[in-house]
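This report refers to the structure that appears directly beneath it.
Each reported figure results from applying straightforward, stated rules to the coordinates on display, with no laboratory input. This is a predicted model, so every value here is computed, not measured. A quick note on method: Cβ atoms are made from the backbone with ideal geometry, for glycine too, and the neighbour counts reach across all protein chains shown.
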Amino acid sequence: MSIKTSTSESLVLQADNILLDYLQNDGSRKQILTDFSMQVRAGEILAVLGPSGVGKSSLLRVLAGLKQPSCGQIRVHNKLVTSPHPRLAFMFQDPCLLPWLNLEANVAFGLDFRSQPKLDRSERRQRVQDAIAEVRLSEAHRAFPRELSGGMAQRVALARSLARRPEILLLDEPFSALDEVIRSEMQQLLLEVCHRHHTAVVMITHDIDEALLLADRVLLLGGTPGKLLREWQPQQPRPRNPASEAMALMRLEILQTLQGALAPEPDMQSWMPTI
Amino acid sequence: MSKLATGTVWLSRHAYQLGLTLAGLLVLVVLWQLGIWQLQQKLPLARLLAPVPALETLIELVTSGEILGDVAASLRRVLVSLSLALLAGIPVGLAVGFWRRFDSATSGAFQFLRMISPLSWMPIAIMIFGIGDQPVYFLLCMGAVWPIILNTAAGVRNLDPGWLMLAQSMSASRLEMLLRVVLPGILGSILTGTRLAIGMIWVLLVPCEMLGVTSGLGYFILDTRDRLAYSELMAVIVLIGILGYLLDSLARSLQRRWA
């Protein structure tokens, strides 16, 4: 549970005292997440775990600069973020491919936007081709989204993020709609490419095993209103075995911590029987 | 072998369809002829309105090129008024789709205006635009703009919010959002609206060309009446039907290519 000491240079993303709330019908504000702080170092994989309703997805949107927190601030390389940062890429649960563009054009989408770093045409093509090769879809580069399976579509979405050479990749339950086999393939692929490019990852998930398999650090959110309950640092070398004793122990700890903070919310109870 | 078999099934299914269509058209021609025979009892001149003289005259009008100038004039009016309706309808449709308050403010007015036959504006159109093509364009637009507005707005409402968020996460400017996500995303709906608009324009075109213009299929119909050229009258009516069918087929194939 100890936090590694690190120099501030290697910090890529910081969240300080984030508060998320929303306006209720009666005019009062309901807090969903309070006093949340975290720091992400270059190349680090971070999993944010928690039951639904605790504001995980909203938190990720705030980190992405898509939404302003009610209180607190986000910094990338120590600079305040108020709108989506070009060095940040966001990947959603749904691949969100544009059906009128082929695979290549989908991967290239956004690279030529005015706010993005300027690239000349050949550079852009090279990046797109590299990204497609990395997710092993070179042969299908002219296919349209309707011709792709769910797993392939999610790989295209990953390639689209990679083509932007992000320093930080934000993932909102990106593999939860995929079946078991494809999911574990995608998890391996993600680890591979992130290590190769030294990309930091913040991944939202409600799957404890996914968090334990992939992350350098696991942050657990819980309680009402949600807050950071505790942090774990799985030390096992990858590929990790979810059935190993150390993993099983950590999973148990996570569940116990959650139970300790469990408020009688129906949402959460439906999440608990995965024990 | 199986490919051949599917080919045969395809052919026979299409031959069957085509046969049914032709049979329906044949029944129409027979009814037409029966009606003329009935009319001839009282009005001997009616024989000129029968299918055979009409079709003969149609071939003559087309091969001699006599009617082609009027066809071109009518098609030009379709194209101009459709373009104007798209130019006006798409931005308004976008505003209605994106801006809930604008939608609430305009929906009553639009429903009200939509239900007024565009031909009712005829005298006012002539007062404002004078005699010529302009009032025709105006009246055709008044009919065509509503399906375009409504379908564009429906397209915007059905846009996948994920696409918008994706573009937003890449800091798309408003213009990039519009050109790269919204317009391609609603093109299918715009084409649906365009197809309905073409149908509307084609139906309104003939009466509109009966006022103050000196070319076009509507004008030609009034002219045949004045010249007592009844076989030409029926020939033009048939031609209007054929051209309308072709225009709609064109719009439909565009729509299908996108979908």
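Here are some notes:
- Cα gyration tensor, chain B - rounded (a/c under 1.5), prolate or oblate: oblate
- For A:Leu13, nonlocal amide neighbours, meaning residues 5 or more places apart or on other chains whose placed amide H falls under 5 Å from its own, are A:Val40, A:His77.
- Note, ³J(HN,Hα) from phi for the range A:105-117, Karplus 6.51, -1.76, 1.60, rounded to Hz, x at Gly and Pro: 5, 5, 5, 7, 4, x, 4, 9, 5, 4, 6, 7, x
- Relative packing of B:142-152, A:89-99, which averages over residues the other C-beta atoms within 10 Å, highest first: B:142-152, A:89-99
- Environment charge at B:Leu222 (Cβ cut-off 13 Å; Lys +1, Arg +1, Asp -1, Glu -1): -3
- Note on B:157-163: average number of Cβ atoms from other chains within 10 Å of each residue's Cβ is 3.
- Crossing angle, helix B:217-226 versus chain B [Cα axis fit, 0-90 degrees, rounded to tens]: 30 degrees
- Within the range B:29-68: backbone nitrogen closer than 14 Å to the B:Ile242 label point (7 Å, Cα to C-beta): B:52-68
- Shape of the range B:1-150, Cα gyration tensor, a/c cut at 1.5: oblate
- With a Cα cut-off of under 20 Å and a minimum spacing of 8 residues unless on different chains, the lysine pairs in the protein assembly as shown number 7.
- Cut-off under 5 Å, modelled amide H: who pairs with A:Leu229 long-range: A:Leu220, A:Leu221, A:Gly222
- Karplus-derived HN-Hα couplings along the range B:128-134 (A = 6.51, B = -1.76, C = 1.60, θ = phi - 60°), whole Hz, x at Gly and Pro: 7, 9, x, 8, x, 6, 4
- In sequence order, the range B:61-66 has phi-based couplings of 4, 6, 5, 6, x, 4 Hz under the Karplus curve 6.51 cos²θ - 1.76 cosθ + 1.60, θ = phi - 60°, and Gly or Pro positions carry x.
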